[in-house]
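Notes to accompany the following structure.
The values are calculated or read from the model by the stated rules, or taken from the named source; none is laboratory data. This structure is a prediction, so every number in the text was calculated from the model and none was measured. Counting neighbours? That spans all protein chains shown, and the Cβs are built from the backbone with ideal geometry, glycine included.
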Amino acid sequence: MKQFTYTITDPVGIHARPAGILAKQAKGLDSTVTIAKADGRSAAATKLMAMMGLGIKCGETVTVTVEGGNEEANAAAMEQFFKENL
Amino acid sequence: MKDKIFGVLQRVGRSFMLPIALLPVAGLLLGVGSSFTNQTMLEAYGLTGVIYEGGVLYTVLDIMNQCGSAVFNNLALLFAMGVAIGMAKKEKEVAALSGAIAYLVMNTAISAMITARGGVEAMAANTTTSTLGITTLQMGVFGGIIVGLGVAALHNRFYKTQLPQVLSFFGGTRFVPIVCTTVFLVVGIAMFFIWPVVQTGIAALGNLVLRSGYAGTWIYGLLERALIPFGLHHVFYMPFWQTAMGGTAVIDGVTIQGAQNIFFAELASKSTQVFSVEATRFMAGKFPFMIFGLPGAALAMYKTAKPEKRKAAGGLLISAALTAMLTGITEPLEFTFLFVAPLMYAVHCVYAGLAYMLMHIFNVGVGMTFSGGIIDLTLFGILQGNAKTHWIWIPIVGLVYFVVYYFTFYLMITKMNLKTPGREDEGEETKLFTRSDFKAKTGVGPDGSAPAGSVSDPVSAMILQGLGGKANLSDVDCCATRLRVTVIDADKVVDALLKQSGASGVIHKGNGVQVVYGPQVAVIKSNLVDFMDSPESDNLGSVTAAAAPAPAKAPAEARQDAVMSAHMSGTVVPMDQVQDEAFSTCVLGEGVAIEPSEGKLFAPADAEVDNLFDTHHAIGLVTPEGVELLLHIGINTVELKGQHFTAHVEVGEKVKKGDLLISFDMEAIKAAGYLLTTPMIVCNTDDYQSVTPKAEGAIKAGTPLLEVKA
């Protein structure tokens, strides 16, 4: 299991569009990716609705967990993605 | 902030229960004792030959009378200790001791101040009293409650305090009585200056209620009933029953404050000719609707139950109605309709207020210890004689109430098709909990992967799970009918599980949760607390966690075809023509868009609102078939930050096809430079074979638009 934390810089937070792109990315990986908020709520990154339901805003710190498959590479890819898009 | 206040009030109300639970017994002693030592009563029933002053029976009865009075006379002390116990988080016995000491210290300090300022004669009339032999200010139960709350706060703050090595003997719990003594010495001095001002204020408020006459009585009764669902009724009626707000009277030369205290002082007094209605008007109203009205309502619910379910509903209703009639504990019955038909409860509140008013008008002088059941009616009404109490009006008004309640409820249930017990739709029958249900619910299979199947106390296990596991509970207690819990994360509470464990309702207020079980709640609570001490309860957390993903997967296996209707009126736009890459390349999922001609977004199908963006420009819905829909008004409109959008629904709300979800100002949004094209996207497109638009060109909201094939 690999984990990293990231503070959202996108001014609109993880909204419909970024969430959609994130879900698409996550679906392409052979690991299970989970996004968790500071309040303990979490959602699978492939579940668009669940992720939008978290209502993650700009400035919030999320914990991303990558489990199974090629964790090392997938976690790195996810971290890269977060930095570029969120 | 509001939630926090509710949480505190809930705990205060709950902590009243311990001293209040004593009142029926004390009332019984006082009621029997005083009835049979009252000269008028004895003469009326020709008992003077058997019970006479100096005789053994008379002495025994007089002892009962006086011992009962002792409880009522020292209620403030009982509240000081009881509230401290109820509000203390741990080491409650220390809080009790501290409460008693603080109460004595405060009153002694006040007493010394009174002496220093020229004695009782220098004080305003009727503002002083003698408590436990201490001449002090007349503070009623408020004095006790102030002490109880203050002591509990100090206790929770200091019971773990470490003192330097030399003084360590006085540390920890031993420090609590010490700090309480010093603090309440100061509080006592302060009270000497503050309380007279409060007394004036309370008396004025009481006067207002007293002077507003019959209407005031009606409002009092209505509010008292309306507060029951919130569990705040104890906080409301206590001041009327126990302080100057409920009136002041001089009985046998002693100044008495509070409606209930006045009634019981009159009961204990052998010179009482007629009980003062000015006091009993805050009590007598309960009798007609509790003994007669609510059973009428129960009969109506029984009659309207489906024939095949009548027997099962009857058992529930009869026991609840009998509890109300005998003891005046009405919550089991009230809660059967409060949650399914709040309107019926509103009617009930109005009728209850009227009952208080009618009893006031007919001069009914019957008091009570706790509530208005047959036991209290017998002791404090019938046994006291009609001449003193005019109790005969209770059955007279009561019979009318029975008929009125029966017909009102019967009509409301049938006309509005309310789902009272025995009228549930097929499949949602409130069945009793069995172990197999529990297994099915928790998702623990016969492979015994988790210990749930072998849990020693499945009901407690289920309650604990329903409350989000042991780690989620910060505080568990109960009152007469509800489990009162403070949880850490309110989102983890599962109402369905709690209801299956036998609860008739669940009330949420922030982190305060009240689970309504009925009078057996005390047993449920002890079982739950015992269970929480067993190691089994720790393992349950993992069961809950393991079971949680299961329901999420379940619908995936049972996908069904569905058709979504147009979510707005306008012109259909295929997704690949939407001028936004994220939508047109179907990154979010497949779907269809509409260029609106009217600024209104409607529900395309029956669904639950899964999420609503706080900018109100987009909304997520989940249909019963499991279709996850995203409706996104306009392109990039998130940047408007909610301006020009008005949401008409809330997260978690169930909507019907065609319900208005969001309205928006088309002109303003266009003027701000945004496109209004509104896509409807199936977010879980991957779970389906195909998602296909079925219409093009101009379309009216509500006509079939998008076909989803499983």
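Remarks
- Residue in segment B:578-588 that is over 24 Å from A:Gly55 (Cα atoms) and buried (at least 20 other Cβ atoms within 10 Å of the Cβ) present: yes
- Test result for A:Glu79, within 11 Å of the chain's Cα centre (by Cα), outside any loop (DSSP other than H, G, I, E, B) and more than 30 Å from B:Gly626 (Cα to Cα): yes
- One residue from A:Ala26, A:Ala19, A:Ala50, A:Ala73 being among the hydrophobic types (A, V, I, L, M, F, W, C), surrounded by fewer than 20 Cβ atoms within 10 Å (Cβ to Cβ) and either assigned to a helix (DSSP H, G or I) or facing chain B (nearest Cβ under 9 Å) (or both): A:Ala73
- Some residue of segment A:8-20 being modelled with pLDDT under 85, out of contact with any Cys (no Cβ under 9 Å at 6 or more places or on another chain) and among the acidic types (Asp, Glu): no
- Entry remark, segment B:604-619: residues being facing chain A (nearest Cβ under 10 Å) and either part of a loop (DSSP other than H, G, I, E, B) or surrounded by fewer than 21 Cβ atoms within 10 Å (Cβ to Cβ) (or both) number 6 in total.
- Residue, nearest to the other protein chains (Cβ to nearest Cβ), within segment B:620-637, restricted to residues that are under 13 Å from B:Val649 (Cβ atoms) and touching a residue at least 60 places away in the same chain (Cβ under 8 Å): B:Gly620
- Elements of the type strands (runs of 3 or more DSSP E) sitting completely within segment B:640-701 and holding at least 2 residues that are of a type in the set (Val, Ile, Thr) and surrounded by 20 or more Cβ atoms within 10 Å (Cβ to Cβ): these cover B:678-682.
- Some residue of segment B:586-595 being under 40 Å from the mean Cα position of the chain (by Cα), more than 11 Å from every other protein chain (Cβ to nearest Cβ), on the phi < 0 side of the Ramachandran plot and of a type outside the set (Phe, Trp, Tyr): no
- Verdict on B:Thr173 being closer than 25 Å to B:Gln260 by Cβ and either of a type outside the set (Phe, Trp, Tyr) or touching a residue at least 24 places away in the same chain (Cβ under 8 Å) (or both): no
- Test: residue in segment A:36-47 that is farther than 24 Å from B:Leu630 by Cβ, away from every other protein chain (no Cβ under 11 Å), outside any strand (DSSP E or B) and among the basic types (Lys, Arg): no
- Of the numbered criteria (1) modelled with pLDDT of 75 or more; (2) at negative phi; (3) within 27 Å of the chain's Cα centre (by Cα), the one B:Thr571 fails is (3).
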